[in-house]
1. State whether the residues of region B:159-166 include one that is more than 22 Å from residue B:95 (Cβ to Cβ) and within 14 Å of chain A (Cβ to nearest Cβ).
2. Just to be sure before I move on: is residue B:493 in contact with a helix residue (DSSP H, G or I) (Cβ under 7 Å, 6 or more places away or on another chain), modelled with pLDDT of 95 or more, within 12 Å of another protein chain (Cβ to nearest Cβ) and outside any helix (DSSP H, G or I) in the structure I sent?
3. Grab the helices (runs of 4 or more DSSP H) fully contained in region A:9-128, keeping just those with 2 or more residues being within 8 Å of another protein chain (Cβ to nearest Cβ) and at pLDDT 85 or above.
4. Where in region B:377-437 are there strands (runs of 3 or more DSSP E), lying fully within it, with 2 or more residues that are within 14 Å of chain A (Cβ to nearest Cβ), crowded, with 23+ Cβ neighbours inside 10 Å and modelled with pLDDT under 95?
5. Specify the residue that is surrounded by the fewest Cβ atoms within 10 Å (Cβ to Cβ); the eligible residues are those in region B:101-122 that are farther than 17 Å from residue B:240 by Cα and touching a helix residue (DSSP H, G or I) at 6+ places or on another chain (Cβ under 9 Å).
6. Go over the candidates B:107, B:88 one by one and state the one that is outside any helix (DSSP H, G or I), more than 20 Å from the chain's Cα centre (by Cα) and either closer than 25 Å to residue B:206 by Cα or at pLDDT below 90 (or both).
7. Test of understanding: among B:244, B:309, which residue is farther than 30 Å from residue B:59 by Cβ and modelled with pLDDT under 95?
8. If you take the residues of region B:499-533 that are on the phi > 0 side of the Ramachandran plot and within 11 Å of chain A (Cβ to nearest Cβ), which of them is modelled with the highest pLDDT?
């Protein structure tokens, strides 16, 4: 949190001749010191129109999340979906431990496309290492993230 | 000649018994000719080609089409997607063609088409390398489906009743769902069209990879270049060429009818400020310029302006807008919008059953902002994605508002969202900026490269931080350091520009989505926390 009083702004209030275009210069320290009184409409978490992140409110995986890049749509998309689904729904103590076959299939596929999936060896090794550590169901959101990070 | 995938889709209706025997006859003939081809090396006569079929047909190979392909593949497991493009290359992103590619130090950039992003990471303009795609022949038999791209093919006819299209080589392809993402072609100026061959061959209409390559080459071999047009493309090209003018002996002129650069977008005070910035990039700006005629004399172009001024130059780049490509409207029986141009579609981007339109060519109904047509990269991504979702059964309207951005070098940039038209009343709230308030610093902080929020290559994880040098200590001396500009229509904010304020687009998007009448816009400006960083 920056110390606002250290900022050195010049206080100015200018209105242009063209009344269509109002122009205001503010002193950050004083003009914006109090919180905004503007009201924003409360978000509906179940709004069907809204873009969603990686996991839908229902718990299902949003394969169309921009965050996945080309993973679910490329040549190894099917293998990726199988592996990640298995991981996501895994209730094992070591999350995803029953998914090794799917991950091998994914790895094999990715090795056929080194241009698209570079350094996949290192990344799968990283995944295998991280899956050895215990993860609780409360960590599932971060589990997804660390899974993706290992890719 | 490529051998198409000629698998017949045999209908199950009883009426096709006759067709079935005919088809078998054709298969027999085809097989004979196929053998002959193998033996003699002759190409297949066009008259004996069958219709081939694809579940998902995407007409056009640009950003919207690629985004749709990705969306379809994500949602429909094993989907088979065929992209047909008249360009000789697979889908690529357009913004670097007028920005990053020009700043590359690599002398072979016109071949590699790779650029360095602000965060130091290099990437290609192509969305995916060739290994991402499968060949058209393999598409039908691919167990897990895939995306195939037919390059250098133009769709010349669309039969909506028969759910099929015809290519310029007479191949017919039938589809289940079709996306039209044909984009557009750059507008020309009538004065140039009328001016004849010698002028036209010294004029570039800039849009594609091939235009970038030829303009790069031309700009190295001439003494003077003039850009006609003061909008995004014209200003970006002017700045890019202006930078180059310092290295080689090149005069860069930019002329346009407005009073300042981005005159149709930015309020006057910012347009003036931007014009000064463009001049500092080495560009000779001629504002309030209307071209009356252009002639070629002794290998030099002479541009006569309506106010009498004469400008002599070697080459012209026309950046005066885009003409949406609606060539298929007639054969397909699709509606064309007379106000905005483009195919008229509903809020779900649908033109007719089984046909959607996305990107530059789509004139769509925006629930919040009304009917419009948008020509920006992020809109192509957002609308392409949405079309792909709806082609796989989603039925969602256009709702996530797309954004756009422009940089005038590493020190000044802005992001914008919604309707940003300088004829609307505006309210601007500004503060002084520091060295942290630059596009360069913003991308370094967020780890992203190209600054589109929904860009197709974005990842959920922060990439490995590469060591970056400290941003230059540039303190904006002038007053428009950083700020927010609201564009109003009937007292509702319909557009927002974030001027040197980065990573705040979600707030801007929310304000527009709400569509509320706010009493005090300074209070709304506070929501951006432009002082916290």
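1. Pass one, region B:159-166, residues more than 22 Å from residue B:95 (Cβ to Cβ): B:159-166.
Then drop every residue that is not within 14 Å of chain A (Cβ to nearest Cβ), which leaves none.
No, region B:159-166 contains no residue that is more than 22 Å from residue B:95 (Cβ to Cβ) and within 14 Å of chain A (Cβ to nearest Cβ).
2. Numbers: in contact with a helix residue (DSSP H, G or I) (Cβ under 7 Å, 6 or more places away or on another chain): yes; modelled with pLDDT of 95 or more: yes; within 12 Å of another protein chain (Cβ to nearest Cβ): yes; outside any helix (DSSP H, G or I): yes.
In short, yes.
3. Working: elements: A:28-31, A:77-89, A:100-111.
It comes to A:77-89.
4. Values: elements: B:403-407, B:413-418, B:426-431.
By residue number, B:426-431.
5. Result: B:111.
6. Details: B:88 fails: more than 20 Å from the chain's Cα centre (by Cα).
None of the other options fit; the residue is B:107.
7. B:244
8. Looking only at region B:499-533, we keep the residues that are on the phi > 0 side of the Ramachandran plot, and these are B:500, B:503, B:515, B:529.
If we keep only those that are within 11 Å of chain A (Cβ to nearest Cβ) as well, we get B:515, B:529.
Details: B:515: 93, B:529: 83.
Residue satisfying both the conditions and the ranking: B:515.
The values are calculated or read from the model by the stated rules, or taken from the named source; none is laboratory data. From a predicted model like this one, the values you see are computed outputs, not experimental measurements. Because the Cβ atoms are built from the backbone with ideal geometry, glycine has one as well, and the counts that use them run over all protein chains shown.
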